[in-house]
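Enquirer: Structure in structure tokens, see below.
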Amino acid sequence: MLGLVATADRTADRGSPRWHSVLIVTSFVLVLFALGNLADVLGAEESISFSGTVVWVGVLLIALMAWFSTRFDSGIATLIGAVTLVAVVVAFVDWVFWPARRATTVPR
């Protein structure tokens, strides 16, 4: 699937055609599942639901979508990359600062 996206001809003035956008979205989903399986193989805690795993998988997906967005001038790749970036930032804050595990009251 990634090969089909990468080898597609780029249109000069217009953005990517509809069929190319479908390939980009499908590639995103397939790469997401493949990286989730890779996380399982590497022994990640709770697979894709652990914040640390979401961060590294999300960074790879953002890089892929940024490449699609710049190379093919694809709006859908930009949108998916932006939504993934928001999820990565939230997961990073959860992973690093553990907001659910910190006490918000001052001990007396």
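Rule-based calculations on the coordinates, nothing more; no lab input. What you see is a predicted model; the values in this text were computed from it and never measured. We place every Cβ from the backbone using ideal geometry, glycine too, and count neighbours over all the protein chains shown.
Enquirer: Can you put 60, 42 in order, fewest other beta carbons within 10 Å first? All intermediate terms of the calculation are to be shown ahead of the outcome.
Expert: On the way: 60 15, 42 9.
Listed from fewest to most nearby Cβ atoms, that is 42, 60.
Enquirer: Within 10 Å of each residue's Cβ, count the other Cβ atoms and sort 32, 23 from fewest upward. Intermediate results must be reported in sequence, preceding the final value.
Expert: On the way: 32 17, 23 22.
Sorted ascending by nearby Cβ count, the order is 32, 23.
Enquirer: With only alpha-carbon atoms counted, please give the Rg and Dmax of segment 23-93, in Å.
Expert: 12.1, 36
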